[in-house]
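The values are calculated or read from the model by the stated rules, or taken from the named source; none is laboratory data. Everything numeric here is computed off the predicted structure, so don't read it as measured data. Backbone-built Cβ (ideal geometry, glycine too); neighbour counts: all protein chains shown.
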Amino acid sequence: MQDPMDDIAKQARQGSVAAIIQVLNEKLADARIRTRAVFAEGVLQLLCEAAEPEQLEQSVLVSQIRQILEEIAPRNIRRVMINSRIVQEQQLLWLEEISRHPEHLLWSEEIILTKPNLFKQWAQGLKSQPTRRRKPKVFPKIGLRQPRGNSRFWGGIAGSVTLGLLLIIGWLLYDRFNAKPTAQGETQATNATTKPSPTPIISPTPVSSSPSDPFAEAVRLAIEADAAGKTAQTAAQWLDLAAKWEQASDLMSAVKSNHPRYQVAQDRVILYRQNSQLAQDQARQKRSP
């Protein structure tokens, strides 16, 4: 049976933001630091909150987060912006808040994660692959026959006769098929070699376009997450649901004010974030013994 922690670590290596938050919160639990994260425009925006400023010492916390993330080596994540502030409850649009009011932060620092070496990537790939027991190769037993009396002598004579017959048959076949082709045969051969081959028709590949209506895309993700929540069993599945609800909430927050469903979108931003938090709580419960 696979350890749930291995599931979360695998999800984090694949770039799941919800799994990365889970690992960070586990590692920083002793320091009583809570983290939130959003991946936007190629940067992992990370918010660290604690009750006292002393818990958020910049040099210590940056070093810890760098070490944790480089051990995870999340796919397609290299730039990380670490933000810190005193804990504030029930603030869902925290990224928009710190973008508008950076003076509310204690400090911010961007780090670039070191890309893992080839040996570490190979080792992680082996960990993620299931081990298979190789079956031993079975070789057929070959029995050796002892030569009898004069069998070698008669075998030599039979071999010589057979070789002579093969040479005669080969010379006759060569003499027959090496005759010069007729003029008609040459013309047919020339036409066959110079006939152009038909050009294959390549159908154009459809190009996927990003959704123009973030409201509709958010509703689609919410419907998928709601359906998957009825059958979710493992911590990894609940983490996927948390990430999906988080993405749906972000899409709702991107709905413009001139949209006809703008007010509904604002209400669902909070609702979807709450659903994401509930899914993360379920993942923690599944991991507990």
For segment 74-87, indicate whether the set of residues that are more than 25 Å from residue 253 (Cβ to Cβ) and of a type outside the set (Gly, Ala, Ser) is non-empty.
yes
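Yes/no matrix, rows are residues, columns are (1) of a type in the set (D, E, K, R); (2) in contact (Cβ under 8 Å) with a residue 60 or more places away in the chain; (3) in contact with a Leu (Cβ under 7 Å, 6 or more places away or on another chain):
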site: 13; (1), (2), (3): yes, yes, no
site: 17; (1), (2), (3): no, yes, no
site: 20; (1), (2), (3): no, no, no
site: 27; (1), (2), (3): yes, no, no
site: 37; (1), (2), (3): no, no, yes
site: 48; (1), (2), (3): no, no, yes
site: 52; (1), (2), (3): yes, no, no
Kindly evaluate residue 59 against the criterion of being more than 25 Å from residue 272 (Cβ to Cβ), of a type in the set (Ser, Thr, Tyr), free of Cβ contacts under 8 Å to residues at least 60 places away in the same chain and touching a Ser or Thr at 6+ places or on another chain (Cβ under 8 Å).
no
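From the set of residues in segment 14-36 that are under 17 Å from residue 75 (Cβ atoms) and surrounded by fewer than 19 Cβ atoms within 10 Å (Cβ to Cβ), which is modelled with the highest pLDDT? Can you show your working first?
Going residue by residue through segment 14-36, those that are under 17 Å from residue 75 (Cβ atoms) are 14-24.
Going one step further and asking which of them are surrounded by fewer than 19 Cβ atoms within 10 Å (Cβ to Cβ), we end up with 14-15.
Numbers: 14: 91, 15: 88.
The extreme case among them is 14.
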Would it be correct to say that residue 49 is at negative phi and either touching a Pro at 6+ places or on another chain (Cβ under 8 Å) or surrounded by fewer than 18 Cβ atoms within 10 Å (Cβ to Cβ) (or both)?
no
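Would segment 80-93 turn up any residue that is on the phi > 0 side of the Ramachandran plot, charged (D, E, K, R) and surrounded by fewer than 13 Cβ atoms within 10 Å (Cβ to Cβ)?
Step one: list which residues in segment 80-93 are on the phi > 0 side of the Ramachandran plot, which gives 90.
Applying the additional criterion that residues be charged (D, E, K, R) yields none.
There is no residue in segment 80-93 that is on the phi > 0 side of the Ramachandran plot, charged (D, E, K, R) and surrounded by fewer than 13 Cβ atoms within 10 Å (Cβ to Cβ).
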Taking the conditions exactly as written (buried (at least 16 other Cβ atoms within 10 Å of the Cβ) and within 22 Å of residue 281 (Cβ to Cβ)), does residue 69 satisfy them or not?
no
Looking at 256, 244, which one is touching an Asp or Glu at 6+ places or on another chain (Cβ under 7 Å), within 24 Å of residue 45 (Cα to Cα) and either charged (D, E, K, R) or not in a helix (DSSP H, G or I) (or both)?
244
Exception for residue 228 within (1) assigned to a helix (DSSP H, G or I); (2) of a type in the set (Gly, Ala, Ser); (3) in contact (Cβ under 8 Å) with a residue 24 or more places away in the chain falls at (3)
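Yes or no: residue 62 under 18 Å from the mean Cα position of the chain (by Cα) and hydrophobic (A, V, I, L, M, F, W, C)? Even if it seems obvious, please write down each step before you answer.
Numbers: under 18 Å from the mean Cα position of the chain (by Cα): no; hydrophobic (A, V, I, L, M, F, W, C): yes.
Answer is no for this residue.
Table: residues versus (1) out of contact with any Ser or Thr (no Cβ under 9 Å at 6 or more places or on another chain); (2) closer than 18 Å to residue 12 by Cα.
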{"position": "218", "(1), (2)": "no, no"}
{"position": "235", "(1), (2)": "yes, yes"}
{"position": "242", "(1), (2)": "no, yes"}
{"position": "246", "(1), (2)": "no, yes"}
{"position": "254", "(1), (2)": "yes, no"}
{"position": "260", "(1), (2)": "yes, no"}
{"position": "263", "(1), (2)": "yes, no"}
{"position": "268", "(1), (2)": "no, no"}
{"position": "282", "(1), (2)": "yes, yes"}
Which helices (runs of 4 or more DSSP H) does segment 1-98 wholly contain that include 2 or more residues that are basic (Lys, Arg)?
4-13
Out of the residues in segment 268-283 that are surrounded by 15 or more Cβ atoms within 10 Å (Cβ to Cβ) and among the charged types (D, E, K, R), which is farthest from residue 7 (Cα to Cα)?
268
